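Below is one structure, written out as structure tokens; comments come after it.
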Amino acid sequence: MYWLLLMLLCKRLFFLVVFISINISFCSSIAVADDTNELLKTSDDISQQISRLENIVNSQQALKLSSSLLKRSDLSPLQKIAILTVQESHYTQLNEYSYSLAAVKRIQVLAKKYNLAKIEADAFKKIGIYYYFKAENQKAIDAYKESLTFYLQGHEPLILASLYNNIALAY
């Protein structure tokens, strides 16, 4: 008899927990949509919006907001790079390395187009890292070598040492 009552109580408790978790999930989805609208509707300067974006902890929310911001036509190349960097970071947190790689490749293209040598070199290094994570070692080595051309000019010897280490790991 007690066993039956206990089972009934557990069943009701289970359904209550499921109901609460569904409501929490639904409410957070609404909050993400509201935050997206708030970010896009505010008359804040773009750099303030990017700053807010960089402080978002929830990766799904940050990715949604960054995608919305990237649609703006009034972004400077550095602002696009900052937004793509946020995307790359959050994709990495979600272990979505293919998307991280795509974001970094976009950064590299922008950096090359606007002659931002250090940003391009850093992008190549990250490209190498993501290829290494994907076990595409030759592509990783090629990307690291592209980055080396900048750092061999005497810029930041610690990063140069790190690049040599990465190349050694990929072999």
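The values are calculated or read from the model by the stated rules, or taken from the named source; none is laboratory data. What you see is a predicted model, and the numbers here were worked out from it, not measured in a lab. Backbone-built Cβ (ideal geometry, glycine too); neighbour counts: all protein chains shown. The area values use the complete protein model at the heavy-atom level, side chains included, leaving out ligands, DNA and RNA. Shrake-Rupley method; radii C 1.70, N 1.55, O 1.52, S 1.80 Å.
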### Query
Local charge sum around L70 (other residues, Cβ-Cβ under 13 Å, Lys/Arg +1, Asp/Glu -1)?
+3
### Query
Stretch Q153-N95 to full length: gain in nm at 0.36 nm per residue minus the Cα-Cα span?
17.5 nm
### Task
Note down the net charge around Y130, summing +1 for each Lys or Arg and -1 for each Asp or Glu among other residues with Cβ under 11 Å from its Cβ.
+2
### Approximate spin-label separation K71-D45, in nm, with each point projected 7 Å along Cα-to-Cβ
2.6 nm
### Query
Tally Lys and Arg at +1 and Asp and Glu at -1 over the other residues with C-beta under 13 Å from the C-beta of E88: what net charge comes out?
+2
#### Entry: Solvent exposure, largest accessible area first (probe 1.4 Å, DNA, RNA and ligands not counted), of H90, H155
H155, H90
### Summary
Judged on accessible area alone, 1.4 Å probe, highest first, E88, E136, E54 line up as E54, E136, E88
## Note on the structure
Packing-ranked peptide list from 73-85, 101-113, highest mean Cβ count within 10 angstrom first, is 101-113, 73-85
### Message
With every protein chain left in place and a probe of 1.4 Å, what is the accessible surface of I141, to the nearest 10 Å²?
### Response
0 Å²
